Amino acid sequence: MSKFIHRFKWPIVIISLAISIGFALFIPKIKIDPDVKALIPDDMPTKINTDKIEGIFGGSDMIMVIMENEDILADSSLTRLQNIDNSFRRLPQIERTMSLFNLKSIKGADGTMVVTPALTAIPRSLEEKKSLRKELSENDLVMGTVISRDFKMAALIGTLQKGADNKVLMDSLENIVTRYPGGEKIHFGGFPVVKQSITANIIKDLRLLLPMSILLMLSILWVSFRDIKGVFLPLSVVLLSMLLSVGLIPQIGWKFSLVTVLLPIMMIAIGNNYGIYLVNRYHEILKREPDINQPILMKELSKALTWPILLCALTTIAGVLSLLTHIIVPAREVGILAAIGISWALLLSLTYIPALLSILPRSKIKIVDNKPHITPFEHFLFRAGIFISQKPKLVLAIASIVTIAFGIGVIKIKVEGNTVNFFSAKDPVRVTSDLIDKHFGGSQSISIQFSGDIKDPKILNRMLYYEEVIKKEKGVGQVMSVASVIRLMSKSMLDPADKEYNAIPSTREGVAQYLELYSMSGDPSDFEQLVDFNYENAQVLVRINDANSSNVLKLADFIRNITADDPAIARIGGVGLISAELTNSLVTGQWRSTILAMAIVCLLVGLIFRRRSAAFIVLVPLSMACIVLFGIMGWGGIPFDPATTLITSVMIGCGVDYTVQFLWRLRDEMTAGHSHDRAVVKTIYTTGKAIIFNAFAVMIGFLPLVFSSFSPIRFFGIMMVVSIFACLTGALVVIPALTLITKPKFLNKQPIRQLDN
């Protein structure tokens, strides 16, 4: 193989560059998908139910314009609000609106029902304002829906047309607010705002994090090798593999999402692995034989590392492919794209780097006293190797105690599926969401769909029952249904002494009469979000004002339990329920992908070394690293979320490389005739150095993620640094101590047949 590469070095370099650049040309065609629903598979039951419910009652994607002032009923504030509302409702992206100017007030007069807008005229005098305040306070359709109970905020709520362009909508709203200036604060909220903010922050992250990651990678490579080739060769592999994997996205028909932000950073962090091993062994050979001729140098380099690098890449690919079991759709896509990118990085490392090493001038090795210079770092590794070889039981005991201490934190770990919490506390998206939760019922919802004769008092009374018991649950802000509206009608029509006052009429005819009276002065379409035109389907709409995932999970379980035996319940859905199911699935997917990744890499290692004991040896440090990782997440309050649940698959895929490289070199040293102790020491200060350079390059590559706009991405960056350090410690501390204690037989076997003859 080395002869082939040496002979065709120029074509190999040119073809490698051409392929990567060819894929890079497709990168400008990438589209960003900010829809949080894109994270969820189409076959998720709650997503299917939600789509069906929205098909009956209209979409749940809403935008809110919130106006804030010390007194929102001030005539200047209401005038501005009305002007904005008039323009807002005419936007082509808006299907229907709710505001003070179109929600209704239901009153009784002379035995008939009078339906008027909640705000018929802007009050000018103090007396008019006082009267309006009293009327609004008594209007259950308005309070807490479009006006806050402290009268400091009012909201305009718009339901979006299907396929509405969020950017065009947001630009239009900005223009409307600018057209009608005033001293009131304006806040934008709802999923269109979240989507637009996600799009902007993805672009911002890529512009900031990619250059930062590349710059840091340059620095760590220079510190590691102090050689131009040591910097250029691994970095070029990183960039070429990143261009290919990212360029694949539009060709496959996929889009860039919040989770996909991790892909280019992963390729920068992981793609340099094999190049670092090659450059380190290249320098090691030159230190040992400074005058070796170029063909023999390349042959020895290929012979020493082709198999270890190939096998390390296979375990890494197996690790990231375990993401295919993940519930998050973009996580599966990232797994596939990362596997392809790593495969390309492997091929480049085994062909493109040796080809360039054949072309470029040979590196100069520093000579001191006619011997290759031993750095302080190499001396430190040598001493560390001696300590481990002399006290393996102590080393293993300390590692076990540390693992247990961190591992206790696992019981404190939480799960977070609420996308609003992906933003920082000061982000406008988060601020507005908090306002909606506190003053306007809540930013997420759960829908309970009823099917049957909705005018039947029995069904309506069950709706009221569900409303009453659900309102008492933690995290519930507002509960609405057509039943509560009909009960409100009874209050306007009957005397408080009447037994049906503030209640559902006892007969179907009585219900129908109320609805008929309403239609005489009101518009039946006022209830289209709560009941269909034929009164065959209705929904109880539960608004959630504390969308913490644990609260939503408990609420979802409570709703399922109380409605379990109701024959009129057709289905339960809503964004809140999707969030709850996503949260549950994150936990399940995390353990499933972790166990699968562990099983696959252990199986591969067992096959590589042809002994089951090798799989056990590898399993110990990986398990300890996982326990430490989850424990630190628990102690640090870092939750499982759509990004952090990718960590273990990536960690196992990367971390097993260090163990394979260590064991491979250890076996080579023992096969060469060294004692186990001596082989451990030599492996630690030779291959151990490359492993440390590699691990720190990966950690540095992921470190820029802590500056992301999204908390899951920041947490992912922090925990990748922690997990890779844990894997590094496992490979260079736990593995040598473990092999010294257990004396595995596979380390005494002859190496697998080399690829080169």
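If you average the alpha carbon positions of region 182-200 and of region 633-701, how far apart do those two centres end up, in angstrom? Using only Cα atoms to place each centre, the spacing works out to 45 Å.
The Rg/Rh ratio of region 437-575, with both radii computed over alpha carbons and Rh defined as the Kirkwood radius, is 0.98. Inter-label distance, Ala18 to Asp75: 7.8 nm, where each label sits 7 Å from its Cα along the C-beta direction.
Applying the Karplus relation 6.51 cos²θ - 1.76 cosθ + 1.60 with θ = phi - 60° to region 573-588 yields 3J(HN,Hα) values of x, x, 4, x, 5, 4, 4, 5, 5, 4, 4, 4, 5, 4, 5, 4 Hz, where x marks Gly and Pro. Couplings 3J(HN,Hα) for region 682-692, derived from phi with the Karplus relation 6.51 cos²θ - 1.76 cosθ + 1.60 (θ = phi - 60°), are 5, 5, 5, 8, 10, 5, x, 5, 5, 4, 5 Hz, where x marks Gly and Pro.
For Lys393, the lysines whose Cα falls under 27 Å of its own Cα, not counting residues fewer than eight places away in the same chain, are Lys682, Lys689, Lys743, Lys745, Lys749. For the pair Lys426 and Lys471, label points projected 7 Å from Cα toward Cβ lie 3.9 nm apart. Each peptide in 574-583, 248-257, 616-625 receives the mean, over its residues, of other Cβ atoms within 10 Å, and ordering these scores from highest gives 574-583, 616-625, 248-257.
Cα centroid separation, region 296-324 to region 493-566: 63 Å. Qualifying trypsin sites (Lys or Arg not before Pro) in region 572-624, where qualification requires a DSSP coil assignment and no more than 14 other C-beta atoms within 10 Å, comprise Arg610. Each principal axis of the Cα cloud of region 155-284 was taken in turn, and the coordinate range along them, longest first, works out to 70, 37, 17 Å.
Shape summary of the chain, radius of gyration then Dmax from alpha carbon positions: 32.5, 113 Å. Counting 0.36 nm for each residue step from Leu360 to Glu378 and taking away their Cα separation leaves a gain of 3.8 nm. Scoring 377-385, 106-114 by mean Cβ neighbours within 10 Å over their residues and listing the highest first yields 377-385, 106-114. With 0.36 nm allotted per residue and the present C-alpha distance subtracted, the Met212-Lys458 stretch has 82.2 nm of extension available. Using the average count of surrounding beta-carbon atoms within 10 Å as a protection proxy, the listed peptides 645-658, 116-129 rank, highest first, as 645-658, 116-129.
What FRET efficiency comes out for Phe707 versus Gln294 if R0 is 30 angstrom and r is the Cβ-Cβ distance? Round to the nearest 0.05.
Using R0 = 30 Å, I get an efficiency of 0.10.
Could you tell me what fraction of 2.2 N^0.38 Å the Cα radius of gyration of region 32-170 comes to, as a two-decimal ratio? Scaled against compact globular proteins, the figure is 1.26. Principal axis analysis of the Cα atoms in region 271-312 yields extents of 30, 15, 13 Å, listed in decreasing size.
Couplings for region 285-295, taken from phi via the Karplus curve 6.51 cos²θ - 1.76 cosθ + 1.60 with θ = phi - 60°, read 5, 5, 5, 6, 9, x, 9, 4, 7, 4, x Hz in order; Gly and Pro are left as x.
Estimated purely from DSSP H runs of n ≥ 4, each contributing -39500 (n - 2.57), the mean residue ellipticity at 222 nm for the chain is -20000 deg cm²/dmol once divided by its residues. Which shape class, rounded, prolate or oblate, goes with region 552-657 when its Cα gyration tensor gives a ≥ b ≥ c as root eigenvalues, a/c under 1.5 marks rounded, and past that a/b bigger than b/c marks prolate? Prolate.
Over all directions, the projected convex hull of the C-alpha atoms in region 654-757 averages 7.8 nm² in area.
For Ala570, the amide hydrogen comes within under 5 Å of the amide hydrogens of Gln449, Phe450, Ser451, counting only partners 5 or more places away or on other chains and with H modelled in the peptide plane. Reported to the nearest whole Å, the Cα centre-to-centre distance from region 1-78 to region 230-292 is 24. Between Asp557 and Thr588, what's the calculated FRET efficiency when r is the beta-carbon distance and R0 is 22 Å? Round to 0.05. Here the calculated transfer efficiency is 0.90. Measuring against 22 Å, Cα to Cα, the residue pairs Lys438/Lys491; Lys52/Lys255; Lys438/Lys554 contain Lys438/Lys491; Lys52/Lys255 as the ones spanning a longer distance.
Each value in this text was obtained by applying a stated rule to the coordinates, not by laboratory testing. Every value quoted in this text rests on a predicted model; they were computed, and no experiment measured them. Note: ideal-geometry Cβ built from the backbone for every residue, glycine included; neighbour counts use all protein chains shown.
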